[in-house]
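Beneath this line is the structure, given in structure tokens, with notes to follow.
The values are calculated or read from the model by the stated rules, or taken from the named source; none is laboratory data. Quick caveat, the model's predicted, so the values are computed rather than measured. With ideal geometry, Cβ positions are generated from the backbone for all residues, glycine too; neighbour counts draw on all protein chains shown.
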Amino acid sequence: MDTITKTRLELLARFEVLETKADILKAPELKKLFAEIPKLPVDQRSAYGKAVNELHQELQQLVETNKQTSIVLPPIDVTAPFDINCPEPKILARTSASIHPLTQEIAIICDIFYRMGFTAEESREIDDQYHMFESLNFPKGHPARDDYDTFMTVETDGEGDPLTAPAHTSTMQNRILRKYRDTLMIDEAIAAIVPDRVFRNEDLDARHEHTFYQVEGVYVAKNVHAGMLIATLQTFLEAYYGKKLEVRVNPFYFPFTEPSFEFALSCPFCEGDEAICKVCSSEGWIELLGCGMIHPNVLRAAEIDPEIYTGFAFGCGVDRLVMMKYGIEDIRHLESAKLDFLKQF
Amino acid sequence: MNVSLNTIKQWIDFDLPPVDELVTRINAQLGGVEKIIDLRTQYQSARIVKVLTCQKHPNADKLSVCTVDVGEGTPIQVVCGAPNVHTDMWAVWLPPGSVVPSTYGTKDEFKLDAREIRGVMSYGMLAAGDELGINADHEGIMEIDEHDLPSTVKSIQAGQAFSEVFGLDDTVIVIENKMFTHRPDCFGQLGVVREISGILGYKFTSPDWYLQKPGTYPKPTNASIPLQAFNDVTDKAARFMAVGISNVTVSSSPLWLQCALVAMGSKPINNIVDATNYFMLITGQPTHAYDADIVQKNADGTKHDELAIGVRMALPGESITLLNGKTYKLDVSDIVIANHEQAIGLAGIMGGKDTQVSAKTNNIILECANFDMYTIRKSSMRHGLFTDAVTRFNKGQSPIQTNRVLFELLKNVIGLAGGVQASEISDIISDSLKNNVESDEYHYPVTLLPQFVHTRLGLSIKKYDMVQLLKNVEFTPCEDCGWNPEDTKDDRDDWHVSVPFWRTDIHDPEDIVEEVGRLYGFEKLPRELPERSIRPVAKNPRREMKMKIRSAFSDLGANEVLTYSFVHKDTFQKAEQDHTQAFQISNALSPELQYYRLTVLPSLLDKVYGNIKAGHDEFILFEIGKGHNKKYHAADDNGLPRELEFVDAVYASKKPREGSPYYQVRQLASQFCMNLGFTCQFKPITKELDYPVTAPFDQSRSALIETREGTFIGMIGELKQTVLRSFKLPIYTAAMTLDFEGIMKAHTTAKQLYLPLSRYPSVTQDISLKVPMGVRYAEIFEVVEHTLEIVAGDKQCRLLPLSIYQSSEDKTSKTITLRVTISDMHQTLTDQQVSRYIEAIAQKTHEQLGAIHS
């Protein structure tokens, strides 16, 4: 019995200083008291057990009460610039500030594309399946939809289909084509990029995030051909890395472009010279993005005549660019809000 | 897609380039290569040997001691535990030092040696089928008979490399499946070898049985199987074919076939099933074999008078046990293969368990059909069944190949398992497909101008060259449609390109452009930038605004973070927000991602504790992000949920500082607005508000922010004590939730005010006003400001708060001290003048607010 009394006092003292009050119920001392019960002589068990139970209930009560009693602070004069008898609050030093590396990089990308004649748009975080799939030449039930592990909502759109968390920034293609369609009439190209957030329903690990950033590019005019796509991307990447680069295209499949390509650049970090390059695994090439000539059905869906106009589109992961640039080892850091990480940028 | 180079070599008459070069070309002109499997190394040591003598082991009942001719003159002694080992048999020997092929490349590679077994030396081992990684057989060692040999091999000798005789000296190139989402033909070896020929510049010719339109259908030798095929759903199954074979002998396949299946990534089962799989692997067309007697059986075990087999939709409540042994409850939108009574297979996905071909089977039905790719895909997803057949059917196989594959399969099954054709061939074709089957074409020819290809590729490729590229992969481009094939300019006439029946993906001129470009080589496209005008590009004002916001926060020492758009339900509870207003994710892999967030702030609050733990004592986190609300903004943005853009921040200090934390964020918000070129006002919340934005705040210690013109900017304040506790936040925490649209409006409409500089010195005086506690600072400030406007309106006046004092004795009042600085543009001001203004202020504040000037 003395042990119970002693433990009780210890636990009550600890309760006062505990940060998470409920943790008191997990105290090893309490467990130890319970563990004693079966070891006692039969005649002592009942009284001892009752006492331990009472202590447990007392602690539970304390935790419960603590939850309910919220300290109500008095109102303050919110119109005042500082508190009574206090000096003006100090602003944190500018040196403690940081801007997220992803938004910094997107600003750099936008800047290059602005100079190349592309405007920049924003994407959405909830979209319908028409924009995510149908308008991009993925008919309903198309197997290519499986390649995009798309988050769906319980809520549905006007057609009764679930809404989606866009798995690519291409979800904005139809809107961009429509928004800038009139510029084609004055013989100006549609040229826009969309750097924004996209989502894939994937398990997290050091290389996979369910939330990441892409930059979409759309270019439509008369007589646009596939060679222009390659040249445009090469020009952008050379401006981005500030050096001459080799690029190559391999055939790929996307429903919304035809032909479709996987686009790779010569590794700008090792230039193929170093025996050990973490970025390109010493292969000398980095597969960076998907691209292609916009499928005529995508142009038609935006009421642009594919007989007269052609164009190209591309989509590039921004997180990858940032990770390669700084040698970031784990993609999860980007959305972790860890100051240890952020303050390095 | 596993492509066996040894398999595809049978259809080409040129030498493949070295593997490295081939892979480079495939990558560049067909699709990404995922990996290369080197079977040659896996099987490099296995040798064909002849058992010369075979005697019982002196010390073990179940072991035999054999001498084996391994082709090196002196026979080798091997101890063998297999019951089937005997003199004069041909077997496969794995010498000491070799790795057992089934363990090759695994974590537990098993390396053989020469060792004593019960007192007798054994050099290496004689291998069973499972040890060779070919089949599951572990009953005995593999015995090679004459019928096991490939047709090209007439005889074998002891010592020959096993892999060379059976084609396992192979390289398998694995191409990523997603490359072929649109290419049903490339899920067969034939489809891939055709493309390889094309990209290497050789003309490919498919085997006759696949290429040519079949003539009359084979007739039964003996119509002993009363086959009655049916197709109740021709809109879902455009073609259904079946044929019966009687008196088959089910056994294991000859070794050459087993090895061919292994090379293509499949597993041998028995001769009938292996034949169906083999034809699927080379053509992309799945087929299935059923035990005919079981299909014909009634539920009570008696024999039905006819053998009905066909396609229908599953019935309500119907279920089926499939080959994998699992039972599935069917949905009425599943297509099934059925007999007269019940479903016997999930069409296009997997056959039923009961009707499978087994060692007891005597009579079989072969089925070859074409199903709607979308329906198959849905059923596959619904039941979580992803089979080789699904992979092929959901790409849209050509219904023109169905009969070709069935005829060749029929011939080969009889060749492998004996028996005779025992029924007519049933071929039920949907009405819409009949004309295509008649004309033997899946699509009409594509018509385009040669110029169309030129402009889209930027290439001036000769028409003659385009014709050759397409002919190499068995397209039939019109060669003389009134134009000169040598000419690059002539675009007078349409060009007709006939599409081979297996290319169900080709219908538009753009598809021909892709073919030509790819076969020609995209790397040869001319790289030139588009021409553009010098018209300046308009920058996106929202993006620009966000950059300014980042910079404004940055000047205040804040850290930008990015957090997920999705949150756990708990996060709403902690922030005391109503989760029923949030859009819900239906398929998230993790519970952390159940809902779209309502506002950004709770995500930020969630990140404070970890940073404090990591040793950061005082910081500001901010994020520009979106929230969604299905109660208030379900469909108010062109039918879609409005995306509410928030500019949220939290200030936290581990150690409390002087005064309430509210004033810390007030200072922050005030400076933030000034950095963006406008000033804001802080208004007390007089009536309790109930929105996701206001939920976490202690409203008696929070304020709404507006510009002087009345544009709503947002809310700042301290958080409820319960919220602080739930997020484990330090006491000295305060936060803000601002509206991006409001900030943008305030910023863009703000006028830059310039005050000319006075040539005369300004005069500064401080005024202290003691007011009752109930009087707000803003009330005093406004009266002072207003009074100055009246009495000194022609002068420049600046007001600055200096202190708010309360003595420890009197808690009912406070003294507010303001610094008044006045300058005149035309003359030097005297102290007396300024004192008059101060007196006017004292008088006005006394009259209106009961202030006492001290």
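Observations on the structure shown:
Conditions tested, residue by residue: (1) in contact with a Gly (Cβ under 9 Å, 6 or more places away or on another chain); (2) small (Gly, Ala, Ser).
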site: B:Cys54; (1), (2): no, no
site: B:Ala60; (1), (2): yes, yes
site: B:Ser64; (1), (2): yes, yes
site: B:Gly73; (1), (2): no, yes
site: B:Gln77; (1), (2): no, no
site: B:Gly81; (1), (2): no, yes
site: B:Asn84; (1), (2): yes, no
site: B:Trp93; (1), (2): yes, no
site: B:Ser98; (1), (2): yes, yes
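- Selection of region B:526-583 for residues being of a type in the set (S, T, N, Q) and closer than 25 Å to A:Lys90 by Cα yields B:Ser551, B:Ser554, B:Asn559.
- Scanning region B:188-226 for residues that are hydrophobic (A, V, I, L, M, F, W, C) and out of contact with any strand residue (DSSP E or B) (no Cβ under 6 Å at 6 or more places or on another chain) gives B:Leu190, B:Val193, B:Ile196, B:Ile199, B:Leu200, B:Phe204, B:Trp209, B:Leu211, B:Ala223.
- Listed by position, the strands (runs of 3 or more DSSP E) enclosed by region B:727-824 include none that has at least 3 residues that are on the phi > 0 side of the Ramachandran plot and in the same structural domain as B:Gln843 (by TED's automatic domain parsing).
Here's the yes/no breakdown for (1) hydroxyl-bearing (Ser, Thr, Tyr); (2) within 29 Å of A:Pro89 (Cβ to Cβ):
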{"site": "B:Leu757", "(1), (2)": "no, no"}
{"site": "B:Ser762", "(1), (2)": "yes, yes"}
{"site": "B:Tyr777", "(1), (2)": "yes, yes"}
{"site": "B:Thr817", "(1), (2)": "yes, yes"}
{"site": "B:Thr830", "(1), (2)": "yes, no"}
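- Residue match in region A:293-305 (condition: of a type in the set (S, T, N, Q), within 14 Å of another protein chain (Cβ to nearest Cβ) and part of a loop (DSSP other than H, G, I, E, B)): no
- Residue match in region B:235-253 (condition: surrounded by 15 or more Cβ atoms within 10 Å (Cβ to Cβ), polar (S, T, N, Q) and closer than 30 Å to B:Asn27 by Cα): no
- Within region B:508-532, residues that are without any contact (Cβ under 8 Å) to a residue 40 or more places away in the chain and within 8 Å of another protein chain (Cβ to nearest Cβ) have Cβ atoms under 7 Å from residues that are assigned to a helix (DSSP H, G or I) and of a type in the set (A, V, I, L, M, F, W, C) in these pairs: B:Arg527/A:Ile230; B:Arg527/A:Ala231; B:Leu529/A:Met228; B:Leu529/A:Ala231; B:Pro530/A:Met228, counting only partners at least 6 apart in sequence or on another chain.
- Among the candidates B:Arg535, B:Arg550, the residue that is over 29 Å from the mean Cα position of the chain (by Cα) and in a loop (DSSP other than H, G, I, E, B) is uniquely B:Arg535.
- Hey, B:Val783 of a type outside the set (Asp, Glu), more than 9 Å from chain A (Cβ to nearest Cβ), touching a helix residue (DSSP H, G or I) at 6+ places or on another chain (Cβ under 7 Å) and crowded, with 18+ Cβ neighbours inside 10 Å or not: yes
- Residue that is nearest to A:Asn85 (Cα to Cα) [pool: residues in region B:634-674 that are more than 10 Å from chain A (Cβ to nearest Cβ) and part of a loop (DSSP other than H, G, I, E, B)]: B:Pro656
- A:Ala167 of a type in the set (Gly, Ala, Ser), in contact with a helix residue (DSSP H, G or I) (Cβ under 9 Å, 6 or more places away or on another chain) and more than 9 Å from chain B (Cβ to nearest Cβ): yes
- Failed item in (1) under 39 Å from the mean Cα position of the chain (by Cα); (2) more than 14 Å from every other protein chain (Cβ to nearest Cβ), with A:Gly49 passing the rest: (1)
- Residue in region A:317-330 that is in a strand (DSSP E or B), more than 14 Å from every other protein chain (Cβ to nearest Cβ) and not acidic (Asp, Glu) present: yes
- Strands (runs of 3 or more DSSP E) fully within region B:274-343 that include at least 2 residues being under 21 Å from B:Asn370 (Cα atoms) and in the same structural domain as B:His383 (by TED's automatic domain parsing): B:287-291, B:307-313, B:335-338.
- Scanning region A:264-292 for residues that are within 11 Å of chain B (Cβ to nearest Cβ) and either in contact with a Lys or Arg (Cβ under 8 Å, 6 or more places away or on another chain) or farther than 30 Å from A:Thr171 by Cα (or both) turns up A:Ala264, A:Trp285.
- Test: residue in region B:745-752 that is within 14 Å of chain A (Cβ to nearest Cβ) and at pLDDT 95 or above: no
- Of residues in region B:164-205 being in a strand (DSSP E or B) and away from chain A (no Cβ under 13 Å), the one surrounded by the most Cβ atoms within 10 Å (Cβ to Cβ): B:Ile173
- Only a single criterion out of (1) within 14 Å of another protein chain (Cβ to nearest Cβ); (2) touching a residue at least 40 places away in the same chain (Cβ under 8 Å) is not satisfied by B:Gln806, namely (2).
- The residue that is farthest from A:Pro195 (Cα to Cα), counting only those in region A:131-146 that are within 23 Å of the chain's Cα centre (by Cα) and not aliphatic (A, V, I, L, M), is A:Asp146.
- If you go through region A:87-127 and keep only what is part of a loop (DSSP other than H, G, I, E, B), at the interface with another protein chain (Cβ under 7 Å from one of its Cβ atoms) and modelled with pLDDT of 95 or more, you end up with A:Ala97, A:Ile99, A:His100, A:Gly117, A:Phe118, A:Glu121, A:Glu122, A:Arg124, A:Glu125, A:Ile126.
- Counting only helices (runs of 4 or more DSSP H) that fall entirely inside region B:363-451 and contain at least 3 residues that are assigned by TED's automatic domain parsing to the domain that holds B:Ile294, crowded, with 22+ Cβ neighbours inside 10 Å and of a type in the set (S, T, N, Q), the qualifying elements are B:373-383.
- Candidates B:Ala82, B:Ala46, B:Ala60, B:Ala91, filtered to the one that is surrounded by 14 or more Cβ atoms within 10 Å (Cβ to Cβ), away from chain A (no Cβ under 14 Å) and over 26 Å from B:Ile134 (Cβ atoms): B:Ala60
- Residues within region B:537-572 that are at the interface with chain A (Cβ under 7 Å from one of its Cβ atoms), in contact with a Leu (Cβ under 8 Å, 6 or more places away or on another chain) and touching a residue at least 40 places away in the same chain (Cβ under 8 Å), tallied: 8
- Within region B:699-715, being at the interface with chain A (Cβ under 8 Å from one of its Cβ atoms) and touching a Phe, Trp or Tyr at 6+ places or on another chain (Cβ under 9 Å) holds for B:Arg701, B:Ser702, B:Ala703.
- For region B:17-43, a tally of residues being buried (at least 17 other Cβ atoms within 10 Å of the Cβ) and either closer than 22 Å to B:Phe166 by Cα or outside the structural domain of B:Thr181 (by TED's automatic domain parsing) (or both) returns 4.
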